[in-house]
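What follows is a set of notes on a single structure, which appears directly below.
The values are calculated or read from the model by the stated rules, or taken from the named source; none is laboratory data. No experiment lies behind these values; they were computed from the predicted model shown. In this analysis, Cβ positions are derived from the backbone assuming ideal geometry, glycine residues included, and neighbour counts consider all displayed protein chains. Ligands, DNA and RNA are stripped out before the accessible areas are found, and what is left, the full protein with its side chains, is counted by its heavy atoms. Shrake-Rupley method; radii C 1.70, N 1.55, O 1.52, S 1.80 Å.
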Amino acid sequence: MTQILSPFAANVIGMIGSAMMVYAYAYSNVVKTMNFLFFNLLNFIGSLFLIASLTVHFNVASMAMEIVWAIVAVFGLIKVLRGEKA
């Protein structure tokens, strides 16, 4: 089976995903009024980037965590898009 991403591309994508998730966490700790759409989108996209990276540099514990993180972000996005309050 051939890999879609090169190891270098997987590292770059993984670093971008990590940066997005760290930014989301920092954002949630410094803003007075949180934009939950922005927060959950950053977490969801960041986790997808890390999942893509993990297809090349596989680690079962990290993959499980990123899948759960993406699912939680999807629930947050659904809540926001339905207009529900946090």
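Take the Cα radius of gyration of segment 32-86 and divide it by 2.2 N^0.38 Å, with N its residue count; two decimals is plenty.
Numbers: Rg = 12.7 Å, N = 55, 2.2 N^0.38 = 10.1 Å.
Cα-based Rg divided by the globular estimate yields 1.26.
From the protein chains alone at 1.4 Å, what is the descending order of accessible area for E84, E66, largest first? Don't skip to the end; give the middle numbers.
Values: E84 95, E66 10 Å².
Output order, biggest surface exposure first: E84, E66.
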V80 accessible area, nearest 10 Å², 1.4 Å probe? 40 Å²
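Given a 1.4 Å probe, how much area per residue of the chain is accessible, in Å²?
Details: 5970 Å² over 86 residues.
Each residue of the chain exposes 69 Å² on average to a 1.4 Å probe.
Can you pull out the chymotrypsin sites (Phe, Trp or Tyr not before Pro) in segment 1-71 that DSSP calls coil and that have at most 12 other Cβ atoms within 10 Å? Don't jump to the answer; show the numbers that get you there.
Values: sites: F8, Y23, Y25, Y27, F36, F38, F39, F44, F49, F58, W69; in loops: F58.
For chymotrypsin sites (Phe, Trp or Tyr not before Pro) across segment 1-71 that sit outside H, G, I, E and B with at most 12 neighbouring Cβ atoms in 10 Å, the list reads F58.
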For the chain, list the DSSP H helices whose alpha carbon atoms reach 30 Å or more along the long axis and whose average Kyte-Doolittle value is 1.6 or above? 60-81
Taking the chain and counting helices only, DSSP H stretches of n ≥ 4 at -39,500 (n - 2.57) each over all residues, the nearest-500 ellipticity at 222 nm comes to -26500 deg cm²/dmol
